[in-house]
Amino acid sequence: METATDEISRLFRVAKYDRQTALTIVRKNRAERHLKDFIKQAWQVIEPATEYVPGKHIDAIAEHLEAVLLGQISRLLINIPPRFSKSLTVSVFWFVWDWIKHPERRWIYSSYAQSLATRDSLACRRLIESPWYQSRWGDRYALTTDQNTKTRFENNKTGYRIAAGVGGSVTGEGGDILVVDDPHNVKDVFSDVSLATTMAWFDEVLSTRLNSQEEGAIVVIMQRISHKDLAEHIIQRGDYEHLCLPMEYESNRRCVTSLGWKDWRKKDGELLCPGRVGKKALKSLKTSLGSFGVAGQLQQRPSPRGGGMLKREWFEIVDVVPEWMREVRYWDMAGTEAVAGKDPDYTVGLKMGYTNQIYYITDIQRMRESSGTVEKRIKQTAQVDTEHIKIRMEQEPGASGKDQIRFYRTQTLSGYDFKGDKATGSKELRANPFAIMAEAGNVKLLKGKWNKAFLDEVETFPTGKHDDQVDSASGAFKELAEEPSSLALVG
């Protein structure tokens, strides 16, 4: 392959260009052929006050974006920490570079905030209209004057770029390439409603906007914030190429893609780009973000290793428990049947006992069934537990919650020590007393098949996809800690 130096020499000898003209031509040709070269040269146009810092992460992203345009990849998910030029690379440079050869291409860009999508749209226009770009590719197309706004602009080759906020309307619009850049606000990490709304918009609105489902492409680039975020949703689908670039290399999670690309790093802890974020800056960043922020936003796995608020190793598994304990079975209700392609919450009934300053989790009933089947299972479980064990159930707010508790008290569980429990505060706040006791080594698990599912959930709480078992444990702990009752015989 001809090097830049060889190309300059050839133009100098054969075409009789002076060296400066030859250099300009070579740089133009290279920028046109390779996205990574275009980014390097265009950087000063968009960021004149900031020096361009090259990195293999940019090369990796550029390689996969080029593959999208070549039709080698039609669905692409990129996970990368913030402040690594992801928006400039994907939402500005890539688009403008593609229009050099394909000005007829139509694009729709979305971000969690309309203001961010608009910001990148304006940067694209500034780059296109810059003397640097116009002197090289100004003859390829021109922006139209009758449709040239902050959120939508077109060219005279029928191409256009639309900027929209996630959840915003793109009804009636279509794109050859759809790009979602940061679909979630980090502040929404604990908002199940916000996360679910984004997922519904992605599935039911954006994905229908492709001009061609067969030939069109969708690219999502984001940092991880939760096991309930859009990236998790996409990963579970299994039909997206996944380029994952954690801040610090983890050999057991080395990313390899279908293009034959592999994470270039060899040693655990090796940084993504020391020229951008070095060890000193990373240390300060970790302090600011905390364990969950580090795990999700930096490492692209939303749960800290070993757990965050609750750690796996805190829970000793024992073969037997004391014969006499105060016990309670606490139900966290979902009443949702399992549906193909969906991952709804579970109804969970966790049994916990207390004696001699130690709390023992002895059984967990976990199901995703219809409300009628759940009711039968709860009654059957109570019969096995016997009437000596208290039963508590989280009471949902509103009249429906009251009606549910009344029904179970007067019908299903009549004759048992049953009450509704009005949970207050966030899940994290309710789990905190239980977490403190677990960290002290005072919560143990009776060996059983349910142990793994419980510990897996513990490890991801509170950002995991499911938290029903932890919610039940928090409720049972609260009941035993605050309301002592007579001893019950285990078994």
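Coordinate-derived values only; no laboratory data. Note that the coordinates shown come from a computational prediction; the quantities given were computed from them, not determined experimentally. For neighbour counting, all protein chains shown are included, and Cβ atoms are generated from backbone atoms with ideal geometry for every residue, glycine included.
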Computed over the Cα atoms of segment 312-489, the Rg and Dmax in Å are 15.4, 46
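Where in segment 70-177 are there GluC sites (Glu not before Pro) that are in a DSSP coil and have at most 14 other Cβ atoms within 10 angstrom of their Cβ?
On the way: sites: Glu104, Glu129, Glu154, Glu173; in loops: Glu104, Glu173.
Taking segment 70-177 and a limit of 14 other Cβ atoms within 10 Å, the loop GluC sites (Glu not before Pro) found are Glu104, Glu173.
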At q = 0.07 Å⁻¹, what is the log10 ratio I(q)/I(0) for segment 49-298, with the Debye formula run over Cα points and no solvent? -0.24
Per-residue Cβ neighbour rank within 10 angstrom, fewest leading, Glu459, Glu204, Glu439: Glu204, Glu439, Glu459
Label point 7 Å beyond Cα of Asp146 along Cβ direction - residues of segment 124-139 with amide nitrogen under 13 Å: none
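Per DSSP H run of n ≥ 4, the term is -39500 (n - 2.57); total these for the chain, divide by its residue number, and report the mean residue ellipticity at 222 nm rounded to 500 deg cm²/dmol. Intermediate values should be presented prior to the final figure.
On the way: 15 runs with 181 residues, N = 491.
Helix-only estimate at 222 nm: -11500 deg cm²/dmol.
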Which residues among segment 227-260 fall inside the zone where the amide N is under 15 Å from a point 7 Å beyond the Cα of Asp203, along Cα→Cβ? 228-239
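Treating only the Cβ of Lys, Arg, Asp and Glu as charged (+1, +1, -1, -1), what charge dipole size does the chain show about its Cα centre? Round to the nearest 20 debye.
That gives the chain a dipole magnitude of about 1500 debye.
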Given the Cα-Cα distance of Thr158 and Lys342 and 0.36 nm per residue of separation, how much length would full extension add, in nm? 62.3 nm
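So if we plug the beta-carbon distance of Val384 and Gln236 into 1/(1 + (r/R0)^6) with R0 = 30 Å, what FRET efficiency do we get, rounded to 0.05? Spell out each step's value before the answer.
On the way: r = 35 Å, r/R0 = 1.15.
The computed FRET efficiency comes out at 0.30.
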Sparse-neighbourhood loop hits (GluC sites (Glu not before Pro), segment 215-315; DSSP loop; Cβ within 10 Å at most 11 others) -> Glu215
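Please report the antiparallel percentage of DSSP beta bridges with both residues in the chain, rounded to the nearest 5. Could the numbers behind the result be given before it?
On the way: 26 of 65 bridges.
Just about 40 percent of them are antiparallel.
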List the pairs from Lys402/Lys449; Lys379/Lys427; Lys351/Lys376 whose alpha-carbon separation is above 24 Å, in the order I gave them. Lys402/Lys449; Lys379/Lys427
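Quick check on segment 55-115: what are the equivalent-ellipsoid semi-axes from the Cα gyration tensor, as sqrt(5λ), descending, whole Å? Let's see the in-between values first.
Values: eigenvalues 68, 51, 27 Å².
Semi-axes from the Cα gyration tensor: 18, 16, 12 Å.
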Taking the beta-carbon count within 10 Å as an exposure proxy, list Ser91, Ser370, Ser194 from fewest neighbours to most. Ser370, Ser194, Ser91
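Starting from the exponent 0.38 and prefactor 2.2 Å, build the expected Rg for the chain from its residue count and divide its actual Cα Rg by it.
Dividing the Cα Rg of the chain by 2.2 N^0.38 Å gives 1.23.
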Any idea which of Pro462, Ala334, Thr373 is furthest toward the positive side of the dipole for segment 312-489, if Lys and Arg beta-carbons carry +1 and Asp and Glu beta-carbons -1? Thr373
Partner lysines for Lys28 [C-alpha distance under 24 Å; skip if fewer than 8 residues away on the same chain]: Lys16, Lys36, Lys40, Lys56, Lys86, Lys101, Lys157
